[in-house]
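Chemist: A single structure is presented below for examination.
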Amino acid sequence: MTTFGIPAKAAIFAEYSSLKELSEIYKTDVFRDNEVLHIGGGSNLLFAHDFNGLVLHSAMKGISRYDKDEDTAFAIVASGEKWIDFVEWCINEGLQGAENLAGIPGETGASAVQNVGAYGVEAKDIIHNVECFDTLTGTTITFSNNECRFAYRDSMFKHEGKGRYIVLRVSFRLRKSTEARNLEYGPLKKFAEDLGHIPSIRETADEVTRIRASKLPDPSVTGSAGSFFKNPVVSTYFYNDEMVCKDPDIPFYKVDDHRVKIPAGWLIEHAGLKGYRIGGAQVYPQQCLVIANTGDATAEDVINLSRHVVDTVRRKYGVVLQPEVNFIDTSIEITILGSGTSKGVPEVACACRVCRSDSQFDKRLRTSALVRTHGLDILIDASPDFRQQALSHDIFHLDAVLITHSHYDHVGGIDDLRPFCAEGAVSLYMKEDVHNDLGKRLDYCFRENPYPGVPTLKRIIIDGSSTFFINGLKIIPINVMHGKLPIVGYRIGDFAYITDAKSIPEEEMTKLEGLKVLVINALRHRHHFAHMSVEESLDIIDRLKPQDAYLTHFNHEIGLHSELEKELPENVHPCFDGLKIHLS
Ligand code: EPU
């Protein structure tokens, strides 16, 4: 059911052909107890592995027409209708608006999520409203075009609405005319000029289909997901100052007075990657924005090739390409960026045997971690050592930062988030007290008309007791006590991260049941008023019984890493800087 043609299995699959059937599925335990993924035509998905959850698909069909006045008609299209069938219907009905979008694979429901676009037109230009099923309330809700917050290949359904809303029907506003209108896109302009008359919607759709076929692989023959990357949008300043000097011919399209969009296909081709292969995956020679499955590609081949493309383009042009394709990857990779307490190990001006140790395992930067899952890169705490950590772990992109509390050793690196603000504000999730503290400490970032070089940060307040979502990923805050200060840890799937706790209230312990991996702080063996000792952490681990536990946030009194490792129970491990933990 995906156009890449790379096999993956879903543990459970369900299809519905009416709202009634969807409501019935919604009421089942299967819906409640599983990770749910809704798919459309599968033209924008790459499964990294089998999906251990429920895959839902709409088989809702039907297109109805409502004439508004003599110029305008609405088409109400069920989510399971193929996009190409809808475009064909418009042409047969003599309705103008969708002809430039001929030949796009996929289904109508997904077109609203993805805001599909081609040849100078985006779905948002003709979408009137979108009717959805709300999985939080079990009711239907209709969003106006504005409320969908459409942007280039983007909408709110890919952010706060992800996982919550299921598109049922899309209503399009179309012109009653057989004459095409959007002919500004280079090749179409030339086509119209050569033709000598304004092309009809049929002629335009046929020409678009012809251009597409000359550049893009036919999904029924060669697997692909269309454009693999988005065209990057950069500031005009960056384009003129950093890119033009590398190649004065880099094409661009003006977005607004401050930004330009650059064709990623051009960058990939000029980085020397046309036709480049890894295993069965290939940069498609006719359009380098596409990664094609030449027959026997695995998801790993595609992922490795996409990483190689991103790396090569970054090195040559300084631009980090973002995939347009949705990676379905429920595995979790945690990188321990720092495992030391506030002073780090070695401590400044200390000559103890731990601080003098030559072993890399005894060098501990201040505590923070990077979590990679569901295609997202999430940082937990920005320690004062973040700059060094980002450099040594090749961090090029962040989707969000989760803050546990506002002590300096957990937030001192926020200013170094600047490089990640180039594509927009970095979102920081935090409790209200942290929000207030950061407002005072980093006031230069939050005042009106700040100095242009400061990081642009978006502070998102969490209440500590409610689950929240980052692009559809469920995050459960865990309230713990750091001495007398209430702070938060976080649970993501079967992984939880707790730092700086002295105790965990009973009601919060239940949120930590059934974990595969628990990362938890243990300062040293000796008692401390605000941090758990190794013995106190082991007690918690013994009660929670995660499959594996990792201790972090050590000071130098913890002793040598090599000795600590031998003292701990079999499923408990000391963290070290650079440790990677994988959960499948
Ligand atoms: N170019 C190259 N080398 C390449 C590819 C492109 O030099 O390998 C140059 C072209 O010569 C042209 C420019 O880059 O000057 C733009 O190329 P093109 O017109 O093919 O469009 P694109 O920006 O590469 C976007 C969409 C396509 C859509 C086309 C046409 C994205 C990510 N992709 O591609 O959408 O069909 O415009 O409108 O915005 C899709 O989303 O799956 C898709 C195919």
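Chemist: Quick check on the stretch 185-333: what does the Kirkwood estimate of hydrodynamic radius come out to from the alpha carbon pairs, in Å?
Modeler: It is 17.0 Å.
Chemist: Follow-up question, since we're still on this one. Can you tell me how much longer the chain between Gln286 and Glu300 gets when fully stretched, taken as 0.36 nm per residue apart minus their C-alpha distance, in nm with one decimal?
Modeler: Contour length minus the Cα-Cα distance gives 2.7 nm.
Chemist: Continuing with the same structure: Between beta-carbons, use under 9 Å as the cut-off and find the net charge around Leu428, counting Lys and Arg +1, Asp and Glu -1.
Modeler: It works out to a net charge of +2.
Chemist: If you fit an axis through the alpha-carbon atoms of helix 534-544 and take the longest principal axis of the Cα set of the chain, what angle between them do you get, 0 to 90°, nearest 10?
Modeler: Around 50 degrees separate the two axes.
Chemist: Next up: Expressed as a rounded percentage, what relative contact order does the chain have, with Cα pairs under 8 Å and six or more residues apart?
Modeler: Contact order relative to length: 10 percent.
Chemist: Now, a different point. For the stretch 49-206, what is the charge dipole size about the Cα centre, in debye to the nearest 20, if Lys and Arg each add +1 at the Cβ and Asp and Glu each add -1 at the Cβ?
Modeler: Charge dipole of the stretch 49-206: 360 debye, to the nearest 20.
Chemist: Using the Karplus curve 6.51 cos²θ - 1.76 cosθ + 1.60 with θ = phi - 60°, what ³J(HN,Hα) values do you get for each residue of the stretch 231-244, in whole Hz, with x for Gly and Pro?
Modeler: Using θ = phi - 60°, the values come out as 6, x, 9, 10, 6, 4, 4, 4, 4, 6, 8, 10, 9, 4 Hz.
Chemist: Provide the solvent-accessible area of Asp134, counting protein heavy atoms only and rolling a 1.4 Å probe, rounded to the nearest 10 Å².
Modeler: 10 Å²
Chemist: Among Pro574, Leu551, His482, pick out the residue whose Cα is farthest towards the positive end of the charge dipole of the stretch 332-579, where Lys and Arg carry +1 and Asp and Glu carry -1 on C-beta, about the Cα centre.
Modeler: Among Pro574, Leu551, His482, the one farthest towards the positive end of the dipole of the stretch 332-579 is His482.
Chemist: For the stretch 332-579, give the magnitude of the charge dipole about the Cα centre (Cβ charges: +1 Lys/Arg, -1 Asp/Glu; no others), in debye to the nearest 20.
Modeler: Dipole size: approximately 400 debye.
Chemist: A follow-up question, please. Which loop-located GluC sites (Glu not before Pro) does the stretch 507-584 contain, where loop means any DSSP state but H, G, I, E or B and the Cβ has at most 12 other Cβ atoms within 10 Å?
Modeler: Hits after loop and neighbour filter: Glu513, Glu570.
Chemist: Enumerate the lysines that Lys511 could reach by cross-link, defined here as Cα to Cα under 22 Å, with residues fewer than 8 away along the same chain left out.
Modeler: Here the lysines satisfying the reach criterion relative to Lys511 are Lys431, Lys474, Lys484, Lys502, Lys545.
Chemist: Among residues other than His525 whose Cβ falls under 13 Å from its Cβ, what is the net charge (Lys/Arg +1, Asp/Glu -1)?
Modeler: After counting each charged neighbour, the total is -3.
Chemist: Under the rule of at least 5 residues apart or a separate chain, name every residue whose amide H is placed under 5 Å from the amide H of Ser43.
Modeler: It is Thr3, by chain and number.
Chemist: Using 18 Å as the cut-off for backbone N distance, which residues of the stretch 323-338 belong to the label zone defined by a point 7 Å from the Cα of Ser392 along Cα→Cβ?
Modeler: Inside the label zone: 334-338.
Chemist: Against the globular-protein guess of 2.2 N^0.38 Å, express the Cα radius of gyration of the stretch 456-584 as a ratio, rounded to two decimals.
Modeler: 1.07
Chemist: Where the accessible area of the stretch 223-328 is counted over protein heavy atoms with a 1.4 Å probe, how much of it, in %, is carbon and sulfur?
Modeler: Here carbon and sulfur together make up 47 percent of the probe-accessible area.
Chemist: So what's the convex hull volume per residue for the Cα atoms of the stretch 63-215, in Å³?
Modeler: Cα-based convex hull of the stretch 63-215, divided per residue, equals 107 Å³.
Chemist: Cross-link candidates for Lys190: which lysines have Cα within less than 29 Å, leaving aside residues fewer than 8 places away along the same chain?
Modeler: Lys124, Lys176, Lys215, Lys230, Lys254, Lys261, Lys274
Chemist: Another question, then. Take the solvent-accessible surface of the protein heavy atoms, probe 1.4 Å, and return the percent of it on the stretch 332-579 that carbon and sulfur atoms account for.
Modeler: 50 percent
Chemist: For the charge dipole of the chain, defined by +1 on Lys and Arg C-beta atoms and -1 on Asp and Glu C-beta atoms about the Cα centroid, which residue among Pro384, Leu523, Gly109 has the Cα displaced farthest towards the positive pole?
Modeler: Projecting each Cα onto the dipole axis, the largest value belongs to Pro384.
Chemist: If the reach is capped at under 15 angstrom between alpha carbons, list the aspartates and glutamates near Lys316, excluding any in the same chain fewer than eight residues apart.
Modeler: Counting by Cα, and skipping residues close in sequence, Lys316 has these aspartates and glutamates nearby: Asp241, Glu242, Asp247, Asp249, Glu269.
Chemist: Would you kindly compute the Cα radius of gyration of the chain and its largest Cα-Cα separation (Dmax), both in Å?
Modeler: According to the Cα coordinates of the chain, Rg and Dmax are 26.3, 87 Å.
Chemist: Give the angle, between 0 and 90 degrees and rounded to the nearest 10, that separates the Cα long axis of helix 186-195 from the longest principal axis of the Cα atoms of the chain.
Modeler: 0 degrees
Chemist: Let me ask you something else. Give me the one-decimal nm value for the distance between modelled label points at Asp494 and Asp257, 7 Å along each residue's Cα-to-Cβ direction.
Modeler: It is 5.4 nm.
Chemist: Measure off, as a whole percent, the carbon and sulfur share of the 1.4 Å-probe accessible area of the stretch 63-215, all protein chains present.
Modeler: Carbon and sulfur: 48 percent of the exposed surface of the stretch 63-215.
Chemist: Taking a virtual spin label 7 Å from the Cα of Arg307 along the C-beta vector, which residues in the stretch 394-413 bring their backbone nitrogen under 19 Å of it?
Modeler: 394-399
Chemist: On to the next question. Within the stretch 507-539, list the residues whose amide N lies under 17 Å from a label point set 7 Å along Cα→Cβ of Glu557.
Modeler: 521-538
Chemist: For Asp249 and Val320, compute 0.36 nm times the residue count separating them, minus their Cα-Cα distance, and round to one decimal in nm.
Modeler: 23.6 nm
Chemist: For the chain, with only Lys/Arg (+1) and Asp/Glu (-1) charged at the beta-carbon, what is the dipole magnitude about the Cα centre, in debye rounded to 20?
Modeler: Approximately 600 debye in magnitude.
Chemist: Separate question: Over the chain, with the other protein chains present, what is the accessible area per residue in square angstrom, probe 1.4 angstrom?
Modeler: So the chain comes to 45 Å² accessible per residue, rounded to a whole number.
Chemist: Any chance you could run the full-extension gain for Ser466 through Tyr451? It's 0.36 nm times the residue separation minus the Cα-Cα distance, nm to one decimal.
Modeler: Difference between extended and current length: 1.9 nm.
Chemist: By how many degrees, between 0 and 90 and to the nearest 10, does the Cα long axis of helix 83-93 differ from the longest principal axis of the chain?
Modeler: Helix 83-93 sits roughly 30 degrees off the main axis of the chain.
The values are calculated or read from the model by the stated rules, or taken from the named source; none is laboratory data. Bear in mind that the values here come from a model prediction, so they are computed numbers and not experimental data. With ideal geometry, Cβ positions are generated from the backbone for all residues, glycine too; neighbour counts draw on all protein chains shown. Just so you know, the surface numbers come from the protein's heavy atoms only, side chains and all, with ligands and any DNA or RNA stripped out. Shrake-Rupley method; radii C 1.70, N 1.55, O 1.52, S 1.80 Å.
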